[in-house]
Amino acid sequence: MPFGLLNGPFCFSKFMATLLQGCEKYCVPYLDDAAIFSDTWEKHMEHLDKILEKIAGAKLKIKPIKCKFAQDCVKYFGHKVGGGCKTPAEAKIQAVLDFPAPWFKPEIRKILGMIAYCSRYIENYATLLEPLTCALKGKTRKESITWTSEMKEALRTVKQRLTEKPVLYAQNFEKEFIVQTTRQIWELGWFWSKERTARNIRYYT
(Lines give C-alpha, C1' and ligand atoms only; values in the text may rest on other atoms or scores of the structure.)
Protein backbone atom coordinates (compact mmCIF):
# COMPACT_ATOMS: atom_id res chain seq x y z
CA MET A 1 0.00 0.00 0.00
CA PRO A 2 1.47 3.41 -0.99
CA PHE A 3 2.24 5.97 1.69
CA GLY A 4 0.17 9.12 1.93
CA LEU A 5 -3.24 7.77 0.94
CA LEU A 6 -6.07 9.42 2.89
CA ASN A 7 -7.73 6.14 3.88
CA GLY A 8 -4.49 4.16 4.01
CA PRO A 9 -4.24 3.85 7.82
CA PHE A 10 -7.87 2.77 8.12
CA CYS A 11 -7.61 0.17 5.35
CA PHE A 12 -4.36 -1.26 6.68
CA SER A 13 -5.69 -1.40 10.25
CA LYS A 14 -8.75 -3.28 9.01
CA PHE A 15 -6.51 -5.64 7.04
CA MET A 16 -4.37 -6.37 10.12
CA ALA A 17 -7.45 -6.96 12.27
CA THR A 18 -8.78 -9.43 9.69
CA LEU A 19 -5.39 -11.12 9.31
CA LEU A 20 -4.99 -11.65 13.06
CA GLN A 21 -8.57 -12.62 13.72
CA GLY A 22 -8.71 -15.31 16.39
CA CYS A 23 -5.52 -14.06 18.06
CA GLU A 24 -7.11 -11.20 20.01
CA LYS A 25 -6.43 -12.79 23.39
CA TYR A 26 -2.66 -12.55 22.97
CA CYS A 27 -1.98 -10.07 20.15
CA VAL A 28 -2.76 -6.36 19.79
CA PRO A 29 -2.16 -4.92 16.30
CA TYR A 30 -1.75 -1.21 15.59
CA LEU A 31 -1.10 -0.33 11.96
CA ASP A 32 2.11 -2.25 11.10
CA ASP A 33 2.95 -3.03 14.74
CA ALA A 34 1.77 -6.08 16.67
CA ALA A 35 2.36 -6.73 20.37
CA ILE A 36 2.25 -10.40 21.38
CA PHE A 37 1.93 -11.19 25.08
CA SER A 38 1.86 -14.51 26.94
CA ASP A 39 1.92 -15.89 30.49
CA THR A 40 4.67 -18.46 29.93
CA TRP A 41 7.61 -19.04 27.60
CA GLU A 42 5.94 -22.09 26.08
CA LYS A 43 2.75 -20.16 25.39
CA HIS A 44 4.75 -17.30 23.91
CA MET A 45 6.46 -19.61 21.43
CA GLU A 46 3.09 -21.07 20.51
CA HIS A 47 1.54 -17.63 20.03
CA LEU A 48 4.52 -16.41 18.03
CA ASP A 49 4.31 -19.42 15.70
CA LYS A 50 0.62 -18.74 15.03
CA ILE A 51 1.24 -15.07 14.24
CA LEU A 52 4.16 -15.85 11.93
CA GLU A 53 2.10 -18.49 10.14
CA LYS A 54 -0.65 -15.96 9.49
CA ILE A 55 1.85 -13.41 8.21
CA ALA A 56 3.48 -15.96 5.91
CA GLY A 57 0.07 -17.18 4.74
CA ALA A 58 -0.81 -13.65 3.64
CA LYS A 59 2.50 -13.47 1.72
CA LEU A 60 3.72 -10.61 3.88
CA LYS A 61 7.30 -10.02 4.93
CA ILE A 62 8.79 -8.64 8.14
CA LYS A 63 12.26 -7.22 8.75
CA PRO A 64 13.96 -8.99 11.67
CA ILE A 65 15.96 -5.83 12.44
CA LYS A 66 12.69 -4.02 13.18
CA CYS A 67 11.35 -6.81 15.42
CA LYS A 68 11.90 -7.56 19.09
CA PHE A 69 11.23 -11.07 20.35
CA ALA A 70 10.82 -12.47 23.87
CA GLN A 71 11.10 -9.13 25.67
CA ASP A 72 10.44 -8.76 29.41
CA CYS A 73 9.33 -5.18 28.84
CA VAL A 74 8.32 -3.26 25.71
CA LYS A 75 7.42 0.32 24.83
CA TYR A 76 3.96 0.51 23.28
CA PHE A 77 1.67 3.51 22.77
CA GLY A 78 3.91 5.70 24.94
CA HIS A 79 3.97 3.26 27.87
CA LYS A 80 6.47 0.72 29.19
CA VAL A 81 4.57 -2.53 29.57
CA GLY A 82 5.76 -5.77 31.14
CA GLY A 83 5.66 -7.96 34.22
CA GLY A 84 1.97 -7.32 34.77
CA CYS A 85 2.34 -3.55 35.06
CA LYS A 86 2.96 -0.41 33.04
CA THR A 87 4.54 3.01 33.50
CA PRO A 88 4.75 6.10 31.26
CA ALA A 89 7.61 5.90 28.78
CA GLU A 90 10.61 8.04 29.71
CA ALA A 91 10.22 10.15 26.57
CA LYS A 92 6.66 11.10 27.55
CA ILE A 93 7.75 12.11 31.04
CA GLN A 94 10.81 14.01 29.83
CA ALA A 95 8.73 15.98 27.33
CA VAL A 96 6.57 17.25 30.20
CA LEU A 97 9.58 17.97 32.42
CA ASP A 98 11.32 19.98 29.68
CA PHE A 99 8.26 22.06 28.81
CA PRO A 100 8.81 25.70 29.86
CA ALA A 101 6.31 27.83 31.73
CA PRO A 102 3.51 28.73 29.28
CA TRP A 103 2.68 32.39 28.64
CA PHE A 104 -0.05 31.98 26.02
CA LYS A 105 -3.22 29.92 25.84
CA PRO A 106 -1.99 27.68 22.97
CA GLU A 107 1.01 26.73 25.11
CA ILE A 108 -1.28 25.82 28.01
CA ARG A 109 -3.38 23.63 25.71
CA LYS A 110 -0.22 21.91 24.51
CA ILE A 111 1.13 21.10 27.97
CA LEU A 112 -2.32 19.98 29.17
CA GLY A 113 -2.53 17.65 26.18
CA MET A 114 0.88 16.19 26.97
CA ILE A 115 -0.03 15.65 30.61
CA ALA A 116 -3.44 14.21 29.71
CA TYR A 117 -1.68 11.25 28.07
CA CYS A 118 -0.43 10.31 31.55
CA SER A 119 -3.60 11.29 33.42
CA ARG A 120 -4.47 7.68 34.28
CA TYR A 121 -1.36 7.60 36.50
CA ILE A 122 -2.14 10.80 38.43
CA GLU A 123 -4.51 10.91 41.39
CA ASN A 124 -6.75 14.02 41.56
CA TYR A 125 -5.57 14.97 38.08
CA ALA A 126 -8.35 17.51 37.33
CA THR A 127 -8.06 19.24 40.70
CA LEU A 128 -4.28 19.54 40.45
CA LEU A 129 -4.48 21.23 37.06
CA GLU A 130 -7.45 23.47 37.85
CA PRO A 131 -5.34 26.69 37.81
CA LEU A 132 -4.14 25.90 34.28
CA THR A 133 -7.52 24.89 32.88
CA CYS A 134 -9.14 28.01 34.36
CA ALA A 135 -6.62 30.14 32.48
CA LEU A 136 -8.20 28.96 29.21
CA LYS A 137 -11.49 30.69 29.96
CA GLY A 138 -12.57 33.53 27.70
CA LYS A 139 -13.46 33.90 24.04
CA THR A 140 -9.96 34.71 22.80
CA ARG A 141 -8.06 31.51 22.08
CA LYS A 142 -4.55 32.92 21.55
CA GLU A 143 -4.24 35.66 24.13
CA SER A 144 -1.44 35.86 26.67
CA ILE A 145 -1.95 34.83 30.29
CA THR A 146 -0.65 35.92 33.66
CA TRP A 147 1.59 33.15 35.02
CA THR A 148 0.57 32.89 38.67
CA SER A 149 2.11 31.11 41.65
CA GLU A 150 -0.88 28.71 41.66
CA MET A 151 -0.17 27.72 38.05
CA LYS A 152 3.51 27.28 38.81
CA GLU A 153 2.75 25.04 41.80
CA ALA A 154 0.22 22.98 39.80
CA LEU A 155 2.73 22.29 37.04
CA ARG A 156 5.50 21.57 39.55
CA THR A 157 3.31 19.06 41.43
CA VAL A 158 2.33 17.18 38.28
CA LYS A 159 5.95 17.02 37.12
CA GLN A 160 6.95 15.67 40.52
CA ARG A 161 4.24 13.00 40.37
CA LEU A 162 5.55 11.85 37.00
CA THR A 163 9.18 11.76 38.15
CA GLU A 164 8.14 9.35 40.91
CA LYS A 165 7.59 6.79 38.12
CA PRO A 166 3.97 5.86 38.85
CA VAL A 167 3.01 2.25 38.19
CA LEU A 168 -0.34 0.76 37.19
CA TYR A 169 -1.01 -2.97 37.39
CA ALA A 170 -2.90 -5.33 35.12
CA GLN A 171 -6.37 -6.53 36.06
CA ASN A 172 -6.87 -10.02 37.43
CA PHE A 173 -10.58 -10.70 37.25
CA GLU A 174 -10.27 -13.78 39.43
CA LYS A 175 -9.45 -11.61 42.46
CA GLU A 176 -11.20 -8.88 44.40
CA PHE A 177 -11.12 -5.25 43.29
CA ILE A 178 -11.66 -2.10 45.32
CA VAL A 179 -13.11 1.05 43.76
CA GLN A 180 -12.58 4.27 45.69
CA THR A 181 -14.43 7.42 44.63
CA THR A 182 -13.88 11.09 45.34
CA ARG A 183 -15.85 14.21 44.59
CA GLN A 184 -14.48 17.70 44.74
CA ILE A 185 -15.56 21.05 43.34
CA TRP A 186 -13.58 20.55 40.17
CA GLU A 187 -13.54 16.81 39.95
CA LEU A 188 -15.50 13.61 40.12
CA GLY A 189 -12.97 10.81 40.15
CA TRP A 190 -12.31 7.25 41.16
CA PHE A 191 -9.56 4.72 41.00
CA TRP A 192 -9.58 1.00 40.66
CA SER A 193 -7.18 -0.94 42.86
CA LYS A 194 -6.13 -4.55 43.01
CA GLU A 195 -7.13 -6.46 46.14
CA ARG A 196 -6.48 -4.66 49.44
CA THR A 197 -3.09 -3.30 48.49
CA ALA A 198 -1.70 -0.16 46.87
CA ARG A 199 -1.47 -1.90 43.50
CA ASN A 200 -3.50 0.65 41.56
CA ILE A 201 -4.99 -0.21 38.20
CA ARG A 202 -6.08 3.22 36.98
CA TYR A 203 -7.16 6.69 38.08
CA TYR A 204 -10.20 8.23 36.40
CA THR A 205 -11.26 11.86 36.58
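The values are calculated or read from the model by the stated rules, or taken from the named source; none is laboratory data. Computed from a predicted structure; not experimentally measured. All Cβ positions, even for glycine, are placed from backbone atoms using ideal geometry, and neighbour counts span all protein chains on display.
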Go through the residues of the range 64-84 one by one and say whether even a single one is out of contact with any strand residue (DSSP E or B) (no Cβ under 7 Å at 6 or more places or on another chain), in contact (Cβ under 8 Å) with a residue 12 or more places away in the chain and over 19 Å from residue 28 (Cα atoms). no
Of residues in the range 109-149 being part of a helix (DSSP H, G or I) and polar (S, T, N, Q), the one farthest from residue 180 (Cα to Cα): 149
Total residues in the range 47-89, condition out of contact with any Gly (no Cβ under 8 Å at 6 or more places or on another chain) and farther than 26 Å from residue 159 by Cβ: 25
Of (1) at pLDDT below 85; (2) outside any loop (DSSP other than H, G, I, E, B); (3) more than 20 Å from residue 78 (Cβ to Cβ); (4) touching a Lys or Arg at 6+ places or on another chain (Cβ under 9 Å), residue 106 satisfies all except one. Which? (1)
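Out of 168, 132, I need the residue that is of a type in the set (A, V, I, L, M, F, W, C) and either touching a strand residue (DSSP E or B) at 6+ places or on another chain (Cβ under 6 Å) or in the same structural domain as residue 30 (by the TED database) (or both). Which one?
Numbers: 132 fails: either touching a strand residue (DSSP E or B) at 6+ places or on another chain (Cβ under 6 Å) or in the same structural domain as residue 30 (by the TED database) (or both).
Matching residue, one of 168, 132: 168.
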For the range 1-52, what are the residues that are out of contact with any helix residue (DSSP H, G or I) (no Cβ under 9 Å at 6 or more places or on another chain), closer than 26 Å to residue 82 by Cβ and of a type in the set (A, V, I, L, M, F, W, C)? 16, 17, 28, 35, 41, 45, 48, 51, 52
